[in-house]
Structure formats: C-alpha cells, structure tokens
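The values are calculated or read from the model by the stated rules, or taken from the named source; none is laboratory data. This one's a predicted model, so the numbers in the text were calculated from it and none came from an experiment. Glycine also receives a Cβ, built like all others from the backbone with ideal geometry; neighbour counts cover every protein chain displayed. SASA here: full protein model, heavy atoms, side chains in, ligands and nucleic acids out. Shrake-Rupley method; radii C 1.70, N 1.55, O 1.52, S 1.80 Å.
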Amino acid sequence: MNKIDVLLGLQWGDEGKGKIVDVLTPRYDIIARFQGGPNAGHTLEFNGIKHVLHIIPSGIFHKEKQNVIGNGVLIEPYIFEKEILALREKGVDVKENLFVSKKAHLILPSHRMLDAANETYKGVSKIGSTLKGIGPTYTDKIARLGLRVGDVNSKDWSKKYIALKDSHLRLLNSLGFTYNSFQIDGLNFDDYERKWLRALDTLAKINLIDSEYFLNEALKDGKKILAEGAQGSMLDIDFGSYPFVTSSNTITAGVCSGLGVSPSKIGNVFGVCKAYCTRVGSGPFPTELFDKDGDKMRDVGREFGSTTGRPRRCGWMDIPALNYACMLNGVTHLILMKIDVLNAFKEIKMCLNYSIDGVETNKIPYDLNSVEISPVLKNYEGWKKNLEGIDTYDKLPSQVKLYIDTIEEITGVPVAFISTSPDRKDTICKIQI
Ligand code: GDP
Ligand code: IMO
Ligand code: MG
C-alpha cells in the first residue's frame, strides 16, 4: 500500500510551501490540507502570474488532480467563496476536483469578532494573530461546542448557529466589547454576517466527503497523496514558542489527526525552510536582525505577509530551531527556499548554537520567551552572483554548495530541492525522489 507523503514548514511559516506543493503536484494524485485555515497564505507563481491560496490546497491549478480539505482544517465560508470566485476568474473551476471534509470546523463571524477582541484585550502582549478567527474556532472545537461543515445541511442548523453566536456575543460583552466593536474585512457585523450566511450555499455545493475514508481508500487503490501543511513547526501549538503560536499541530503528527491516516502510513516528510528565517506576528526570534541586513532580506525577499500584508521580521538561519523541527517531524528531505535572496550578501551568517547566560546550547529552551538569547553565529562567504538560469545543482557556485553541505551535515538530512525564485520553473532538483 502507498504511504502518504507530507510537506510542511520548518520555521515560522511562509517558507514557500505553496510553491513547492505546486511543483510536486504532478507526482501525486491527491493534495490534502490537514490543519490551519485562512490564516495561511500560500503563493504560487507560473506563466508570470502570482496566485495566493488560503484554504484551498496548492494542487488546485492541476486540473486532473484531486484536492482535499481535511477534517483538521478550519473553513471560513465567506473567504472560501472569495477564493473560489478568484480561481474561477482565472479559469479554474473547483467543482470537479475539490473535496471538503464534513468534519472540518466552521469559523463563524462571531469567532472573528472574538479573535479581534482577544487581541485588543491583550494589548501589547497580543499574539499578532491574522484575525481570521483561528484561536476561538479551535477553542470551540476542543470545548466540543463547534459547528462543522456537515452541520450546514442539518435540520436544526439555524438553531445551532444562533446558540453558538449568542454565546460568543455574551463572551464579547464580558470583555467589554459589543457585536459591532470591530470591522471585519471592512464590513460591520451585520453586513459581514449576511455575506457569510450567503456563502454557505457555495460551500454546500462543493463535494462534501468523509475525507478519512476517501483518503484511506485512495491509498489502498494505489493513489499517491501529498499532505500540505500550513504555518510552520515553530508555530505549533505544543512545540512552538507558546503562547506566540497558532492553535493547531503544524507538525507531522497533525497529518494523522487532521486527515485520519495512521502513523504507519506516513511516507516521506519534506521539510521546507528558507535559507534564512522570517517571522510575522509577535514572539521570540533568536536570530532576528534589526539592521541593514534584515532590511535587505525584507526588500530583496519581498517579505510581506501573503495574508495580512504585514512586514515580516527577518534574520539568519537558526540551526537549533531547524534541528528541533527535523526531530519533531521526522524530516526525510529538506527543501531549501529563497537561496537567491542571499545573492547580494558579501557574508552570510548561520546561527549554530544559542548562548544563554554565557552557556552555549543547541536546544530550544522551555523559557524561550523570557530568556535573553545571543545567537552564536558562524560566517560563510557569499557568492555575490545572480543564480538566474541555473537549473542543475552542479552549476551552483561553490559557496552555495558549501552552505547546503553545512546544513545537510548539521541536520543529518539531505537537501532534495533548492528554489531560486518564486516561479515554479526555478527549482533545482538535487536528489531524485
Ligand atoms: P508559504 O506560506 O509557505 O506558502 O509561503 P508564502 O507564499 O507565504 O511566502 C513565500 C514567498 O516567497 C512568496 O512570495 C513566494 O512567491 C516567494 N518565494 C518562494 N520561493 C522563492 C524563492 O526561491 N526565491 C524568491 N525570491 N522568492 C520565493
Ligand atoms: P502560512 O501557511 C506565517 C502566525 C500569525 C501569528 C500566529 C497566530 O502562510 O505559512 P493565528 O491567526 O493562527 O491565530 O496567528 O501565527 N501565522 C502565520 N505566520 N505564516 C502563516 O501561514 C501563519 N499563520 C499564522 O502571524 O503570529
Ligand atoms: Mg504564507
């Protein structure tokens, strides 16, 4: 029986997962998202056009492939509908090849109000959430209060919806807000709710499935499946820099619960990382740069959030974090992104260890949020060359190869692909899979 391959981010999100899923899709029959929701922004570029996906898997541009939104994902129907309409305008009709788990939970308009209220209430200690309602919706899921996609077609849907919404409004009041304290996507609550409710019709017309059966039967039939992660391992609810994390398991373990496949069915694990690091939102970032080098990474790498447009914080490659992520995920292959962003640097640095109170460690400390960490940096010579047009590993400058060798040596994981531009065609294959 085939196994399910996994592709996920090893840093703080935005590693370039969308591009690589699109590149790898021709090798698979099904692409399946297993967690997160519209907090994700996955960018794909080909034929000179850029596409950003939030809820829909990144295999959607390959007409003959199936795309599944698993039970572990959160769906916001209004955003989902907008995404479908944007794809339709580009000539992509999702009717035939998009499937949604009936068990996926719904983000209600009032969840988004609560997300905004929680963040405002926290003030300076806010998480920097994407304000898509992720935290409150997963909270309701765990509290056994949530509504699921399959509920939309149930007889008592309205009753269930109103009951949950009313409980949210009471919570909002207790935080000192009213149902109209915040605009959502530029709309007041009533207008937004009207659009949200109307969008349920679009959702109901999509192929709603029991995705755990769909995927396990597909594996039995010899189909090849790639699970697409959202966010990154350092934003994982259990292992990230809690509480500055998202509310789901972003690591390989999340594939089992988010799609209903057993651990014994996990195959290759592709860990995607940038050649440097970025983070958007609050929370610790040991290698963060506050100087010209950080600005240069942001400018050259166009490091602005795909979902929120916020500038991303930038810093050098963080090896303790990368090793941690490889360990947690069982990464079998690394995929190194945005190496071209370092073209202009005379010298490139890599953080090999953390120094905490004068003691060096290669482990992520429990109190990451409160201790003072100095990154122990090692310098590498830059290549100061444009990498455009380089299509094989052999043709890469020796300094790039040394940088890659070092990462492979330290992590013990081979690099399978190297990405040199946002475009799907600029992807170098180092080892055949
Ligand atoms: P994701 O959330 O992991 O899918 O990543 P995002 O799409 O949020 O962010 C990655 C950004 O980097 C997008 O703007 C991509 O178009 C861009 N990108 C991906 N790979 C490369 C690369 O190799 N070089 C450059 N310069 N940009 C890249
Ligand atoms: P992709 O899939 C980068 C961050 C937010 C915030 C924290 C919690 O595109 O890599 P949430 O809205 O989930 O409650 O926000 O997590 N965050 C991301 N950062 N890429 C993402 O997704 C992210 N999704 C959430 O900025 O710090
Ligand atoms: Mg992103």
Report task. Could you tell me the number of lysine pairs in the stretch 105-203 with C-alpha atoms less than 23 Å from each other, where the two lysines are 8 or more residues apart or belong to different chains? Result -> 17
Report task. Note the full-extension length gain between residue 291 and residue 429 as 0.36 nm times their separation in residues minus their Cα-Cα distance, in nm to one decimal. Result -> 46.3 nm
Query - Pairwise FRET efficiency - residue 197 versus residue 370, Cβ, R0 = 35 Å, nearest 0.05 - result: 0.20
Requested in this report: Inverting the mean 1/r over all pairs of different Cα atoms, compute the Kirkwood radius of the stretch 105-203 and quote it in Å.
Outcome: 13.9 Å
Query raised in the report: Once you sort the root eigenvalues of the Cα gyration tensor of the stretch 13-66 as a ≥ b ≥ c, which label holds: rounded (a/c under 1.5), prolate (a/b larger than b/c) or oblate (the other case)?
Result: oblate
Query raised in the report: Ratio of the stretch 241-370's C-alpha Rg to 2.2 N^0.38 Å, to two decimals?
Result: 1.15
Query - Net charge over other residues, Cβ less than 13 angstrom from the Cβ of residue 413 (K, R count +1; D, E count -1) - result: -2
Requested in this report: Jot down the radius of gyration and Dmax of the stretch 375-433, Cα atoms only, both in angstrom.
Outcome: 12.3, 36
Report summary line: In this structure, among 102/224; 17/296; 19/90; 224/363; 401/425; 292/385, pairs with alpha-carbon gaps over 24 Å are 224/363
Query raised in the report: What order do you get for 262-270, 364-372 when each peptide is scored by the mean count of other beta carbon atoms within 10 Å, highest first?
Result: 262-270, 364-372
**Report entry** residue 162 paired with residue 102, simple spin-label distance in nm, labels 7 Å along Cα-to-beta-carbon
**Finding:** 2.5 nm
**Report entry** the stretch 92-113-the stretch 177-248 distance, computed between alpha-carbon centres (Å)
**Finding:** 6 Å
Query raised in the report: How far apart, in nm, are the 7 Å Cα→Cβ label points at residue 86 and residue 406?
Result: 3.7 nm
Query - Ratio Rg/Rh [Cα only; Rh per Kirkwood] for the chain - result: 0.96
Query raised in the report: Carbon-plus-sulfur fraction of the accessible area of the chain, 1.4 Å probe, in percent?
Result: 51 percent
Query raised in the report: Roughly what would the spin-label model give for residue 381 and residue 121, points 7 Å off Cα along C-beta, in nm?
Result: 5.7 nm
